[in-house]
Amino acid sequence: MLQRIPLTIKMIILTVGVGIIAGGILDYFQTKRIRAVFYAELLERLNRQSQEDRLHFDLYISTHNKASKLIISQKQFIDYVKSKDFSTSSPQTRHFHEIPSWLPQASVLRSLIQIRYALLLDAKGRVREVYQNWPDAPPKSLLKPTNLLIKLSHNENYMTEIDGMPFLITAETVIDSKGDILATLMLASPLDSEFLLSSQGPKYQENIIALVEREKKQVLASNKPELMPNGTALNDLEGRYIITGKSFFDEGASDLLLQFTSFISVSETEALIKAVVSSNRQQRILIVFILILFFSFIGTYITRQIRRLAQYVLNFSEQTLGIKSEDIQRGDELYILKEQFQRLTKAIVQSHNELSISEKQYRLLFQKSPVGIFHYTTNLQLTDCNERFVEILQSTREKLIGLDMKVLKDQSVLPAIQKALSGKDGLYEGFYRATTGLAEIWVSMKTAPIFDSEGKITGGICIVEDITERKKMDEELKSKIEELEKFYGMAVGRELKMKELKEELARLKTELEKYKKEGKIAGEANQ
């Protein structure tokens, strides 16, 4: 049934199928490649962004300690501390929601850091005044700081946990001229989403940053708590975000196992990848469509050529080999060509077998021929000969094959040999002395040209007959004929002489008879 379908239709169907399959495979691998490139590029960008975010974070942390140093160096702060008597045994902690006089103005503070809690401690480390720039009250443990906390946060940034929440603490002490402690300023900020936002400055953050507790692998704070609430497990985020981070800080000290982590949303990345893949897919569809048209044109062209070739094979089979073939029908041109080629092959094999048989018969006739036969090329080189030719020349096959006949000792045979190379039959009959053998014989040679399929002379063939015995017989016959002719001449001469003798005898007999008759008459007369 498929043989009835034209090859063009098959090639179009095949091209479409291959185009769809190739397009699907290309789409799969290209999408995979694009995704890998995008994720590699995004990861690299995330690493760069993470380094930049972390630098902002470290810089913001270091600013807290610088801010505390700057505040205690202000004259208004020193004058305020000196004016206060913090020697009362049962101090009352004062709370301020407005900026107290011992702190700089709001504009100055905003240029430095966002102060969440500022605590003024007396010489014994007791909290006397608290400024809170936040609705939530400070943790109770922060209002009663331990000596260890004051010591660890003195003159540097210190991250620790206070009442279950991570805090950044920094403290600076004011000393009088005698070296006695007048007061201590402690700045405290919870490490929450507001802190992370403040650390990155006013610029809009596309990426998500977070502080992650290393052991529990949970988010402690992020700059986008609506997307990444506190307490979110890091494992739950791995499929939704590309994550990178560093587990230590360059500024201050810490007894918290925290990791500064940056995130990029996978969904946004996938949306971008889908947009790029969709654009590429449209291009591939267009390319596949163009390829289908191109290969359809090529298929049509090839089909026409195959059909012509099939017709040529048909004509060749009929006109040259005489094979009767069915006329070319419409359908699969390759199938038709195959059928024609099979018939041609069968005929050629049959002809080859017949030719092989003929060649064997020719070789048998060539080798067993009673006359000598040899082949030679246009440059007069002997290429083959039969055994009878070897016997005639009393030579060997090894000496004869490859012999250059231009250097024959006896050149009398060359005109007849060369005549065949001019396209005519050659003939020589006469005496010949062999070059490679001992023969000195009378030969009869007949030469003829050999043509190739294009009618070009490629060499010649020569038939050699040893006529020495015939020549001897001719000589003997000639000698005998001469002897017979001589004998015949002698016999004829003898016969003529006998005839003359007989005539002479007859004449003499006549004369004798005459003389006898005349003498008798005379005797009678005398009587």
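The values are calculated or read from the model by the stated rules, or taken from the named source; none is laboratory data. Nothing here was measured: the structure is a model prediction, and the numbers come from that model. Neighbour counts are summed over all protein chains in view; Cβ atoms, including those assigned to glycine, are modelled from backbone coordinates with ideal geometry. Calculation scope for accessible area: heavy atoms of the full protein, side chains included, ligands and nucleic acids excluded. Shrake-Rupley method; radii C 1.70, N 1.55, O 1.52, S 1.80 Å.
When residue 477 is tested against the conditions (1) of a type in the set (A, V, I, L, M, F, W, C); (2) in contact with a strand residue (DSSP E or B) (Cβ under 8 Å, 6 or more places away or on another chain); (3) not in a strand (DSSP E or B), the lone failure is (2).
Take the residues of region 111-133 that are charged (D, E, K, R) and assigned to a strand (DSSP E or B): which is nearest to the chain's Cα centre (by Cα)?
Going through region 111-133, the residues charged (D, E, K, R) turn out to be 116, 122, 124, 126, 128-129.
Narrowing the set further to residues that are assigned to a strand (DSSP E or B) leaves 128-129.
On the way: 128: 82, 129: 80 Å.
Here the answer is 129.
Within region 165-174, the only residue that satisfies the criterion of being open to solvent by 10 Å² or more (accessible area, probe 1.4 Å) and among the hydroxyl-bearing types (Ser, Thr, Tyr) is 173. On the stretch given as region 16-65, residues that are more than 42 Å from the chain's Cα centre (by Cα) and surrounded by fewer than 16 Cβ atoms within 10 Å (Cβ to Cβ) total 4. Just a yes or no: is a residue in region 147-164 crowded, with 18+ Cβ neighbours inside 10 Å and over 27 Å from residue 193 (Cβ atoms)? No, region 147-164 contains no residue that is crowded, with 18+ Cβ neighbours inside 10 Å and over 27 Å from residue 193 (Cβ atoms). Among the residues of region 463-473 satisfying the criterion of being at pLDDT 90 or above and charged (D, E, K, R), which is farthest from the chain's Cα centre (by Cα)? This residue is 466. What pairs come up if the first residue lies in region 37-56 and is under 19 Å from residue 197 (Cα atoms), the second is surrounded by fewer than 13 Cβ atoms within 10 Å (Cβ to Cβ) and of a type outside the set (S, T, N, Q), and their beta carbons are under 7 Å apart, counting only those six or more places apart or on different chains? Partner pairs satisfying both residue conditions: 56/201. Of the candidates 255, 192, the single residue that is at pLDDT 80 or above, open to solvent by less than 60 Å² (accessible area, probe 1.4 Å), closer than 27 Å to residue 137 by Cα and of a type in the set (Asp, Glu) is 192. Is there any pair linking a residue in region 460-485 that is free of Cβ contacts under 8 Å to residues at least 40 places away in the same chain to one that is in a helix (DSSP H, G or I) and surrounded by fewer than 16 Cβ atoms within 10 Å (Cβ to Cβ), with Cβ under 9 Å and at least six apart or on different chains, and which? Pairs that qualify, where the first residue is free of Cβ contacts under 8 Å to residues at least 40 places away in the same chain and the partner is in a helix (DSSP H, G or I) and surrounded by fewer than 16 Cβ atoms within 10 Å (Cβ to Cβ), are 467/474. Checking region 92-100 against the condition returns no match, with no residue being on the phi > 0 side of the Ramachandran plot and of a type outside the set (Ser, Thr, Tyr). Taken over region 389-411, the criterion of being without any contact (Cβ under 8 Å) to a residue 40 or more places away in the chain, farther than 23 Å from residue 422 by Cβ and open to solvent by 70 Å² or more (accessible area, probe 1.4 Å) is satisfied by 391, 397, 398, 399, 409.
Just wondering, is there one or more residues in region 158-170 that are of a type in the set (D, E, K, R) and at positive phi?
We begin by selecting, within region 158-170, every residue of a type in the set (D, E, K, R); these are 161, 163.
Remaining after also requiring at positive phi: 163.
Within region 158-170, one or more residues are of a type in the set (D, E, K, R) and at positive phi.
Restricting attention to region 436-462 and to residues that are more than 60 Å from the chain's Cα centre (by Cα) and closer than 12 Å to residue 374 by Cα, the residue that is surrounded by the most Cβ atoms within 10 Å (Cβ to Cβ) turns out to be 445. Just one of the listed residues (236, 327) is of a type in the set (D, E, K, R) and either modelled with pLDDT of 75 or more or open to solvent by less than 70 Å² (accessible area, probe 1.4 Å) (or both), namely 236. Scoring residue 177 on the criteria (1) at pLDDT 90 or above; (2) part of a loop (DSSP other than H, G, I, E, B); (3) of a type outside the set (D, E, K, R); (4) open to solvent by 70 Å² or more (accessible area, probe 1.4 Å) leaves a single failure, condition (1).
Pairs linking a residue in region 94-118 that is farther than 21 Å from residue 57 by Cβ to a residue that is part of a loop (DSSP other than H, G, I, E, B) and open to solvent by 50 Å² or more (accessible area, probe 1.4 Å), with Cβ atoms under 6 Å and 6 or more positions apart or on different chains, are 106/99. The residue of region 412-435 that is farthest from residue 455 (Cα to Cα), among those that are open to solvent by less than 70 Å² (accessible area, probe 1.4 Å) and in a helix (DSSP H, G or I), is 412.
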